[in-house]
Amino acid sequence: MKEEVKLMANITAKSSLKWITIVLLGNLVTLICFFTILFENISYAGGGHGNVYAFFRNLFFHNICGFLLLVGAPVFAIGYFMIANKVAIQSMIHQLWTNKMGSYLDAKVILLVDKITDSNKVANSISNESILRLQLLEANKRDHESSRIKKKAIGYFFSKIKLDDIDFSNKDLKLSEIISFKLNKFISETIQPSFFLFWLLLAFQLVLIVVAQFF
């Protein structure tokens, strides 16, 4: 038990570090780009107390890259937040799987699916992938046996797995076996946390700020 608590704490720390790094670095670059464009092009606001409308209009027509960096700052910030969440959860799943917790996740998924399908009332109401997904997410949410980090990993899996290829009209359908197979396939394809979107968004901002200097 003590070893598992230590493992969970270690996984949480590493995943949180990745989340913090992406959010801080991404938003730091966003702020630097924002204020660089703002101060370099403040003359577009006109005389007197300045004119916000004139500033954005002139910036749009004279420096489109700068305009995108300035107006798009909130979008970039939200983008980094979403990417950080995705990478943190992927990192969590990766560490759980590589630390031999994969069998636990697989067994827990099978247990949750069987719990749903064992109830005739619930089983009969599952007619499409949307209903099944909602039932799985709700079952995971109500589970009080798994730790928060395990529930988060299972919840991420249930939200991302492809379910639209399941034949719900098949009365002999064994959902737990299908979901278990999909879990292992999903993990094998997404086992490594990907920073591709982070670097892509960061590179996009850097290209915009460099090009903006030539206007």
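Okay, here's what the table says:
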read-out: For the range 163-213: span of alpha carbons on each principal axis (Å, largest first); value: 65, 22, 9
read-out: Values of log10 I(q)/I(0), in the order q = 0.15, 0.23 Å⁻¹, for the range 96-215 under a Debye, Cα-only, solvent-free model; value: -0.71, -1.37
read-out: Karplus-derived HN-Hα couplings along the range 81-98 (A = 6.51, B = -1.76, C = 1.60, θ = phi - 60°), whole Hz, x at Gly and Pro; value: 5, 5, 5, 4, 4, 5, 5, 4, 5, 4, 5, 4, 5, 4, 5, 4, 5, 6
read-out: Descending Cα extents along the principal axes, the chain, whole Å; value: 74, 43, 28
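Here, each number is a calculation from the coordinates, and none is a lab measurement. It should be emphasised that the depicted structure is a prediction, and the values quoted were computed from it without experimental measurement.
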